[in-house]
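**Student:** Structure in structure tokens, see below.
The values are calculated or read from the model by the stated rules, or taken from the named source; none is laboratory data. Because the structure is predicted, anything quoted here is derived from the model rather than measured. In this analysis, Cβ positions are derived from the backbone assuming ideal geometry, glycine residues included, and neighbour counts consider all displayed protein chains.
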Amino acid sequence: MELEIIKKMIARGEGDVVEFKKKANHPDKIVREVVAFVNTKGGHLFVGVSDDGTIAGLKHPEDDEFALNKAFEELCKPKIEFEVETVSFEDGKMILHYEFIEGTQKPHYAFLEKSHRYGKAFIRLRDRSIQASPEMRKILKDRENDSNPIPIEESTSELFKFLEKNMQITLSQYCELSGLNKKLASNKLVSLALSGALKIDPREGEDLFLPVQ
């Protein structure tokens, strides 16, 4: 990628498709950002750049690249696709630029250790990476598998009456409204999201489900 384009991306700051890391000495934490990118719509990771966009640079970018590539291979499952380049600035400072494409086998998981059996799925929310809720994981998986959603039942009319007034609902609110237990209520909301009747708005607390306009 051309240097001027990279400068403009960095100048705009972190966002839904851009993340800065000053150093690469904690690859196990960086994989969370990477997984969030591939579970959402892809993104760019700049290593050697401070949170405020200052170009800190890397002394030995080849060593950082080796450590990160190894971490991405071992700690991100399923396998993720990316491209990496070393970027040199006029003052001699060097950084790494990783570009990740959106995954085709969602959800992707980040593992703290290679030996761990279970990982955690993350998604990108503006300039942060948050852990995906069970509902979000189901939606990511079923969208990729192109599975058939459960048919919408007439019992959902009460839900849409609620949404006409409130415009959004959480899983907890739907449990209270419908009288369903958490598992059944979750399945219903996921089914409606997959059918296109609702859309999900991921949050750090509870996800929001909103009617499709």
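**Student:** Take the residues of the stretch 21-67 that are within 19 Å of the chain's Cα centre (by Cα) and among the small types (Gly, Ala, Ser): which is nearest to Glu135 (Cα to Cα)?
**Tutor:** Top of the filtered list is Ala36.
**Student:** While we're on this one: Take the residues in the stretch 125-179 that are modelled with pLDDT of 95 or more and of a type in the set (Phe, Trp, Tyr), then tell me which one is nearest to the chain's Cα centre (by Cα).
**Tutor:** In this case the residue turns out to be Tyr174.
**Student:** Within the stretch 23-37, take every residue that is farther than 24 Å from Leu140 by Cα and either buried (at least 18 other Cβ atoms within 10 Å of the Cβ) or in contact with a Pro (Cβ under 6 Å, 6 or more places away or on another chain) (or both) and give me the one that is modelled with the lowest pLDDT.
**Tutor:** Only one residue tops the list, namely Pro27.
**Student:** Conditions: (1) surrounded by fewer than 15 Cβ atoms within 10 Å (Cβ to Cβ); (2) outside any loop (DSSP other than H, G, I, E, B); (3) not basic (Lys, Arg). Glu90 meets all but one. Number of the miss?
**Tutor:** Tallying (1) surrounded by fewer than 15 Cβ atoms within 10 Å (Cβ to Cβ); (2) outside any loop (DSSP other than H, G, I, E, B); (3) not basic (Lys, Arg), Glu90 fails exactly one: (2).
**Student:** For the stretch 56-74, name all the residues that are without any contact (Cβ under 8 Å) to a residue 24 or more places away in the chain and either in a helix (DSSP H, G or I) or among the aromatic types (Phe, Trp, Tyr) (or both).
**Tutor:** Asp63, Phe66, Asn69, Glu73
**Student:** Would you say Glu83 is assigned by TED's automatic domain parsing to the domain that holds Gly42, in a strand (DSSP E or B) and loosely packed, with under 14 Cβ neighbours inside 10 Å?
**Tutor:** It is true that Glu83 is assigned by TED's automatic domain parsing to the domain that holds Gly42, in a strand (DSSP E or B) and loosely packed, with under 14 Cβ neighbours inside 10 Å.
**Student:** When Thr40 is evaluated against the numbered criteria (1) free of Cβ contacts under 8 Å to residues at least 60 places away in the same chain; (2) among the polar types (S, T, N, Q); (3) crowded, with 16+ Cβ neighbours inside 10 Å, which criterion, by number, is the only one it fails?
**Tutor:** (1)
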